[in-house]
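Asks: Below: one structure in structure tokens.
The values are calculated or read from the model by the stated rules, or taken from the named source; none is laboratory data. What you are looking at is a predicted structure, and each value in this text was computed from that prediction instead of being measured. A quick note on method: Cβ atoms are made from the backbone with ideal geometry, for glycine too, and the neighbour counts reach across all protein chains shown.
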Amino acid sequence: MERDGIHELTAAYALDALDPVDERVYEEHLARCASCQEELAGFRDVAAHLAYVPEGPSPPPALRERILERARQEPAGNVVPFRSRRTVVWTSAAAAVAAVVALGIGIWAASLSRDLDRERDTVALLADPARSLELSGASGRVAVGDDGEAVLAVSDLPAAPSGKSYEIWVIEGKTPRRAGLFNGRDDRDVVRLSRRVPKGSVVAVTVEPKGGVDAPTTKPIFAAQA
Amino acid sequence: MATAALLGSNGRGYRRTHVVARELAYLSDEALVALLARGEHGALAELYERFGRVAYGLARRILRDDALAEDAVQEAFLSAWRSAPRFVAERSTASTWLLTLVHRRAVDLVRREERRRGEPLHAGREGESAATDESAWLRLERERVQGALRQLPDQQREAIELAYYGGFTQSQLADRLGEPLGTIKSRMFTGLRRLRELLEEPSGEETPWSGTESTS
């Protein structure tokens, strides 16, 4: 609680009202203080609601165009970052707390579909994998969680030829087992594997008839060693 | 299904765009940001549809200058575009995340520009309530938050409003109000806590809480 002054700074921080030095001190504290993280999540929500109060005209239509145009000019800064473990630990701790708080105060009412949860899990796994396997034969990696859950992220793979799909295999010993299908985009594919990836196995991708096959019919175009 | 749009491992170019355009209006704010993280331009446009107006209103209030407000909004949306992958891990609501970015940009700008100062910060400027084209949802939400603000003790409300809409830091506020810094800190803290409680209280009617229908 607010026994010491620093916890109280959570309010000013949520309002963007800390002086730069205080802000730095507070952020250092925040990284280690779960109760401040929790309080901050709630305060940020409150502060965001204050944004609805000012009245005024609609923004000029040109603003929308300018924003979209600028975004188009920016090459994908939107690649899921493989951040340092330290950062991830911090944000996921804050995230978990924030989620709990949001649930507690009912603001999480926007119902999240299971699809979205899955997407979040996928991104979380990519951001903080237990193991990250480099692909050989393509640029990208397989992020594997503690439980063997895995996500393949591969870039610059051309779209699969018409009537074909890329099929993912998890090969243990000499037995390849199906682990998912995808079609390939030009920039980047992120695919959650439908099968866990045990240590010592190999993840491989082949080109197969659309819909996939039970056993690979072609040589892998790329693979990763788990 | 949303799966196709979200995980999006099939469909490209025209077809993909088509699917996304049809689905965007139904997506939650959070799903939109997930698409943003995948570089979907349509998601950025939809997010702007939902929040552009609120963002602009907020930035204008803080900066008191249309051109600067546009700059702040533009920077905030582009910052959202770039940092969307991080949002997913942070699990705040998407609206809070986005409006926090807008506020931060506007406050940074106002501090750089040394603008505003000394003006009364309550209520909108004269002649601006003629915003007839805004949504009913936005009007309801504004009334709800204003109602909660009115229930705060004056000094707490003043500290929060000057900080949030005025862009003053807590030590600037202490100077301006002639109060000890500690007093300002605790007014903000106690005030925000109270405001949180007030906003959590059911309003009696259905709460406009889903946070996505800003254009309906």
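Asks: Name every residue in segment B:50-93 that is over 17 Å from residue A:72 (Cβ atoms) and of a type in the set (D, E, K, R), in order of residue number.
Replies: B:50, B:53, B:60, B:61, B:64, B:65, B:66, B:70, B:71, B:86, B:90, B:91, listed by residue number.
Asks: Then there's this: Quick one: count up the residues across segment B:145-169 that are in a helix (DSSP H, G or I), facing chain A (nearest Cβ under 8 Å) and more than 14 Å from residue A:47 (Cβ to Cβ).
Replies: 1
Asks: Answer with yes or no whether residue B:109 is within 23 Å of residue A:49 (Cβ to Cβ) and modelled with pLDDT under 90.
Replies: No; evaluated as a whole, the condition is false for this residue.
Asks: Sticking with this one: Given the conditions (1) modelled with pLDDT of 90 or more; (2) assigned to a helix (DSSP H, G or I); (3) buried (at least 21 other Cβ atoms within 10 Å of the Cβ), which single one is not true for residue A:94?
Replies: If we test residue A:94 against (1) modelled with pLDDT of 90 or more; (2) assigned to a helix (DSSP H, G or I); (3) buried (at least 21 other Cβ atoms within 10 Å of the Cβ), just (1) comes out false.
Asks: Hey, another quick one. Just checking, how many residues over segment A:9-34 are over 17 Å from residue B:186 (Cβ atoms) and assigned to a helix (DSSP H, G or I)?
Replies: 12
Asks: When you look at residue A:68, is it facing chain B (nearest Cβ under 7 Å), without any contact (Cβ under 8 Å) to a residue 24 or more places away in the chain and over 21 Å from residue B:185 (Cα atoms), yes or no?
Replies: The answer is yes for residue A:68.
Asks: How many residues are modelled with pLDDT of 95 or more and in contact with a Lys or Arg (Cβ under 6 Å, 6 or more places away or on another chain) if we restrict to segment A:1-53?
Replies: The number of residues fulfilling the criteria is 5.
Asks: Out of segment A:173-198, which residues are more than 14 Å from chain B (Cβ to nearest Cβ) and either surrounded by 18 or more Cβ atoms within 10 Å (Cβ to Cβ) or touching a strand residue (DSSP E or B) at 6+ places or on another chain (Cβ under 8 Å) (or both)?
Replies: Scanning segment A:173-198 gives A:176, A:177, A:178, A:195, A:196, A:197, A:198.
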